[in-house]
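Enquirer: Please read through the structure below; I'll follow up with questions.
The values are calculated or read from the model by the stated rules, or taken from the named source; none is laboratory data. These numbers come from a predicted model, not from an experiment. Quick reminder, even Gly has a Cβ in these numbers, built from the backbone with ideal geometry, and neighbours come from all protein chains shown. All accessible areas refer to the heavy atoms of the entire protein, side chains included, with ligands and DNA or RNA removed. Shrake-Rupley method; radii C 1.70, N 1.55, O 1.52, S 1.80 Å.
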Amino acid sequence: MDDLASRQLAGGVLDRDDARAVLNTPDDEVFGLVVAAGRLRRAYFGDRVKVNYLVNLKSGLCPEDCTYCSQRLGSSAQILKYSWLSADETVKQATAGIEGGASRVCLVASGRGPSDRDVDRVAGVVEAVKSAHSGVEVCACLGILRDGQAERLRDAGVDAYNHNLNTSESRYSEICSTHDYEDRVATVEKAKEAGLSPCSGLIVGMGESDDELIDAIFALRDLDSDSIPVNFLMPFEGTPLAGTWELTPLRSLRILALARLACPTKEIRMAGGREMHLRSLQPLALQVANSLFLGDYLTSEGQAAKADLDMIADAGFKILGADESPHRTDVLVRSRGAGTAVAPNA
């Protein structure tokens, strides 16, 4: 793997045999794989971690049937459901993430895609966010775009557009029937043509084979996505993929390493589900990934933001764009267990 990293640093292109070797790395060699992938991460991104923050502009009520999604048509997942947030409420939510160190705010709305009226609404929200926080990047994620909508978002100040490929083209019909893989590719291309930074990633742990996973990552490479969020399936009760638990922490590390080795110069983000699948290996994953979401996700709670920030500092990394501050953890005086009437922390 170290030789493979050297070839990538010299401008090599990862091939399918190499990718299979990465995914089949023996358990006792995974840390060596992380070291090799970490050489690329350090070469292109140094010791910086880009912190992103999600604001769910509109939750639930989606007409699409994506099997992994808690907001899908027919989902009985017990999630928050609401229509569009006001501009003031969006600024309030975004401010919480920005004050926590986020340099990019991701504005997300459920649905197949925005109407022109929706785009105008989001444009006003973006202008409000940027007026309150002039230096922040804004990424919009509104679904499938129609002609002219990406340009309208760009003119309003949107910097990037997210639309994940999610899985391989050959597998796509198994996870969604209400739109096609080609619709997703076309939306990313529209964003690129409008001058928006393309953000497109995948969801792993949905039953895909190694070859299908490789196909998906190579497709993202071919698409030239600037940011690649790697989401780990959260199997919500009330969705078709409830009870699907295929990932281990080491498998999750292998997948992140494959994304880094295949796309060495791109932002690799450990995204939704990292807490439940990487678990105690999250700090090690930062040696491969250079980006994460802070705090909560769209319809699920994530790791506490302070725990995220502590994890970054403890692993020897610094938040991109943030002021330096000393790490501090206050001593907690024991108030439970022996000598008290409260159960021990055990």
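Enquirer: Considering segment 158-174 alone, what residues qualify as being under 18 Å from V108 (Cβ atoms), out of contact with any Asp or Glu (no Cβ under 6 Å at 6 or more places or on another chain) and not in a strand (DSSP E or B)? Spell out how you get there, then give the answer.
Expert: Just the residues of segment 158-174 that are under 18 Å from V108 (Cβ atoms), to begin with: 158-166.
With the extra rule that they be out of contact with any Asp or Glu (no Cβ under 6 Å at 6 or more places or on another chain), the set shrinks to 158, 160-166.
The answer is V158, H163, N164, L165.
Enquirer: Follow-up. State which residue is modelled with the lowest pLDDT when the search covers only segment 151-196 and only residues that are under 21 Å from D222 (Cβ atoms) and β-branched (V, I, T).
Expert: I175
Enquirer: Now for a separate question. Give the number of residues within segment 290-304 that are among the aromatic types (F, W, Y) and in a loop (DSSP other than H, G, I, E, B).
Expert: First pass over segment 290-304, keeping only residues among the aromatic types (F, W, Y): 293, 297.
Adding the requirement that they be in a loop (DSSP other than H, G, I, E, B) leaves 297.
Here the count works out to 1.
Enquirer: Further question: Scan (1) out of contact with any Gly (no Cβ under 8 Å at 6 or more places or on another chain); (2) among the aliphatic types (A, V, I, L, M); (3) within 30 Å of L142 (Cβ to Cβ) for the single condition A21 breaks and write down its number.
Expert: (3)
Enquirer: Take the residues in segment 79-93 that are part of a loop (DSSP other than H, G, I, E, B) and modelled with pLDDT of 85 or more, then tell me which one is surrounded by the most Cβ atoms within 10 Å (Cβ to Cβ).
Expert: Keep residues of segment 79-93 that are part of a loop (DSSP other than H, G, I, E, B), which gives 79-81, 83-86.
If we keep only those that are modelled with pLDDT of 85 or more too, we end up with 81, 83-86.
On the way: K81: 15, S83: 10, W84: 15, L85: 20, S86: 13.
So the residue we want is L85.
Enquirer: Let me ask something additional. When only residues in segment 14-35 that are over 22 Å from I312 (Cβ atoms) and within 22 Å of the chain's Cα centre (by Cα) count, which is surrounded by the most Cβ atoms within 10 Å (Cβ to Cβ)? Spell out the reasoning first.
Expert: Residues of segment 14-35 that are over 22 Å from I312 (Cβ atoms), as a first pass: 14-29, 32.
Still in the list and also within 22 Å of the chain's Cα centre (by Cα): 19, 22-23.
Numbers: A19: 20, V22: 25, L23: 17.
In this case the residue turns out to be V22.
Enquirer: Here is a further query. Can you go through V136, V91 and tell me which one is more than 21 Å from G272 (Cα to Cα) and over 19 Å from the mean Cα position of the chain (by Cα)?
Expert: Numbers: V136 fails: over 19 Å from the mean Cα position of the chain (by Cα).
Just a single option satisfies the conditions, and that option is V91.
Enquirer: Restricted to segment 288-304, and to residues that are of a type outside the set (A, V, I, L, M, F, W, C), touching a residue at least 60 places away in the same chain (Cβ under 8 Å) and open to solvent by less than 50 Å² (accessible area, probe 1.4 Å), which residue is nearest to E246 (Cα to Cα)?
Expert: From segment 288-304, those of a type outside the set (A, V, I, L, M, F, W, C) are 290-291, 295-297, 299-303; that's our starting set.
Narrowing the set further to residues that are touching a residue at least 60 places away in the same chain (Cβ under 8 Å) leaves 290-291, 295-297, 299-300.
This time we only want the ones that are open to solvent by less than 50 Å² (accessible area, probe 1.4 Å), so: 290-291, 295, 297, 299-300.
Details: N290: 24, S291: 24, G295: 24, Y297: 21, T299: 21, S300: 19 Å.
Going through the qualifying residues, I end up with S300.
Enquirer: Looking only at segment 305-316, which residues are part of a loop (DSSP other than H, G, I, E, B) and either open to solvent by less than 40 Å² (accessible area, probe 1.4 Å) or modelled with pLDDT under 90 (or both)? Walk me through it before giving the result.
Expert: Here is the first cut: in segment 305-316, the residues part of a loop (DSSP other than H, G, I, E, B) are 315-316.
A315, the sole residue that qualifies.
Enquirer: Count, please, the residues in segment 175-208 that happen to be of a type outside the set (A, V, I, L, M) and outside any loop (DSSP other than H, G, I, E, B).
Expert: Filtering segment 175-208 for residues of a type outside the set (A, V, I, L, M) gives 176-184, 187, 189-190, 192-193, 195, 197-201, 205, 207-208.
Among the residues that remain, those that are also outside any loop (DSSP other than H, G, I, E, B) are: 181-184, 187, 189-190, 192-193, 197-199.
Here the count works out to 12.
Enquirer: Limited to segment 98-120, what total is found for residues that are crowded, with 18+ Cβ neighbours inside 10 Å and of a type in the set (K, R)?
Expert: 1
Enquirer: Moving to a separate point now. May I ask you to list the residues in segment 240-267 that are assigned to a loop (DSSP other than H, G, I, E, B) and among the aliphatic types (A, V, I, L, M)? Please lay out each step first, then the result.
Expert: First pass over segment 240-267, keeping only residues assigned to a loop (DSSP other than H, G, I, E, B): 240-248, 263-266.
Correct list: L241, A242, L247.
Enquirer: Continuing with the same structure: Among (1) open to solvent by 20 Å² or more (accessible area, probe 1.4 Å); (2) in contact with a helix residue (DSSP H, G or I) (Cβ under 9 Å, 6 or more places away or on another chain); (3) in a loop (DSSP other than H, G, I, E, B), which single condition is F218 missing?
Expert: (3)
Enquirer: Select from segment 39-77 the residues that are of a type in the set (G, A, S), on the phi < 0 side of the Ramachandran plot and open to solvent by 10 Å² or more (accessible area, probe 1.4 Å) and list them in ascending order.
Expert: A43, S75, S76 - these are the residues of segment 39-77 that are of a type in the set (G, A, S), on the phi < 0 side of the Ramachandran plot and open to solvent by 10 Å² or more (accessible area, probe 1.4 Å).
Enquirer: While we're looking at this one, here's another question. Based on this model, can you work out whether S200 counts as of a type in the set (S, T, N, Q) and over 19 Å from the mean Cα position of the chain (by Cα)? Spell out the reasoning first.
Expert: Working: of a type in the set (S, T, N, Q): yes; over 19 Å from the mean Cα position of the chain (by Cα): no.
Against the criterion (of a type in the set (S, T, N, Q) and over 19 Å from the mean Cα position of the chain (by Cα)), S200 does not qualify.
Enquirer: Given the criterion modelled with pLDDT under 95 and either touching a Leu at 6+ places or on another chain (Cβ under 9 Å) or over 27 Å from G143 (Cα atoms) (or both), identify the matching residue among S70, S76, S6. Outline the logic, then answer.
Expert: On the way: S76 fails: either touching a Leu at 6+ places or on another chain (Cβ under 9 Å) or over 27 Å from G143 (Cα atoms) (or both); S6 fails: modelled with pLDDT under 95.
The match here is S70.
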